[in-house]
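Data first, discussion second: the structure below is written as structure tokens.
The values are calculated or read from the model by the stated rules, or taken from the named source; none is laboratory data. Quick caveat: nothing in here was measured; it's all calculated off a predicted structure. When we count neighbours, we look across all protein chains shown, and the Cβ atoms used for this are built from the backbone with ideal geometry, even at glycine. Keep in mind that these areas ignore ligands, DNA and RNA; they rest on the heavy atoms of the full protein, side chains included. Shrake-Rupley method; radii C 1.70, N 1.55, O 1.52, S 1.80 Å.
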Amino acid sequence: MGAAYFYHLTESPLDAALPMLLDKARERGWRIDVRGTDAGRLARLDTALWSAGEPVSFLAHGLAGGVYDPDQPILLTTPDQVAANDPGCVMAVHGATVTAIDIAAHDRVCIVFEEADQPALATARTQWKQLTDAGCAAVYWAQVEGRWVKKFEKEAAAAT
């Protein structure tokens, strides 16, 4: 079983931090499902990704629902949409749900949440408990003085 990686945005807003995380995932060769909670928020994130500048390279992506969805390296989806791009990585934003099944089915699952988004912060806390209770490994990262610092890691529970 894989692991859940929690990214706590304490210094940067999502639209500034997500391009860097996506760029790192693309460097690993993964296609990515950016799983959000509603189309309006994803549309705003879509605009922010198109205008992301240095130090991130160009991030080709699309909003789910188009004929080219299977070809997209990064596909932004809502809970009622299937990521047709065969993602190796899921990045849940805005409090989108991930499950232990997602952890097992993907190379990487990230839960990215802003300090200022209290509902997403509460969802991340709940997901930590649910996923670790289900036996998933979990790693918690937070921004500290402009860099990512690993604050806590919980290993996967041994299979019985």
> List, please: which pairs have Cβ atoms under 8 Å, are six or more places apart or on different chains, and start with a residue in the range 56-68 that is within 17 Å of Arg26 (Cα to Cα) and small (Gly, Ala, Ser) and end with one that is part of a loop (DSSP other than H, G, I, E, B) and modelled with pLDDT under 85?
Replying inline: none
>> Testing Trp141 on (1) within 26 Å of Arg44 (Cβ to Cβ); (2) modelled with pLDDT under 95; (3) open to solvent by 30 Å² or more (accessible area, probe 1.4 Å), one condition comes back false. Which one is that?
In response: (2)
>> Would you confirm, using the coordinates I've provided, whether Ala84 is more than 16 Å from Tyr7 (Cβ to Cβ) and of a type in the set (Gly, Ala, Ser)?
In response: yes
> Of Leu18, Leu59, Leu22, Leu45, which residue is assigned to a helix (DSSP H, G or I) and over 12 Å from the mean Cα position of the chain (by Cα)?
Replying inline: Leu45
> Name the strands (runs of 3 or more DSSP E) wholly within the range 71-160 that hold at least 3 residues that are touching a residue at least 24 places away in the same chain (Cβ under 8 Å)?
Replying inline: 74-77, 89-92, 108-114, 137-144
> Residue check, Asp69 against (1) at pLDDT 95 or above; (2) crowded, with 19+ Cβ neighbours inside 10 Å, all met but one. Which one?
Replying inline: (2)
> What residue, of Val98, Val93, is open to solvent by less than 40 Å² (accessible area, probe 1.4 Å) and within 16 Å of Glu114 (Cβ to Cβ)?
Replying inline: Val93
> open to solvent by less than 50 Å² (accessible area, probe 1.4 Å), touching a helix residue (DSSP H, G or I) at 6+ places or on another chain (Cβ under 9 Å) and closer than 22 Å to Ser12 by Cα: does that describe Ile103?
Replying inline: no
> If you check Ala52 against the conditions, is it farther than 26 Å from Leu131 by Cβ, part of a loop (DSSP other than H, G, I, E, B) and in contact (Cβ under 8 Å) with a residue 24 or more places away in the chain?
Replying inline: yes
> Any idea how many residues of the range 76-90 are open to solvent by 10 Å² or more (accessible area, probe 1.4 Å) and not charged (D, E, K, R)?
Replying inline: 8
> Which number in (1) outside any helix (DSSP H, G or I); (2) farther than 15 Å from Arg108 by Cβ marks the one condition that Val34 misses?
Replying inline: (2)
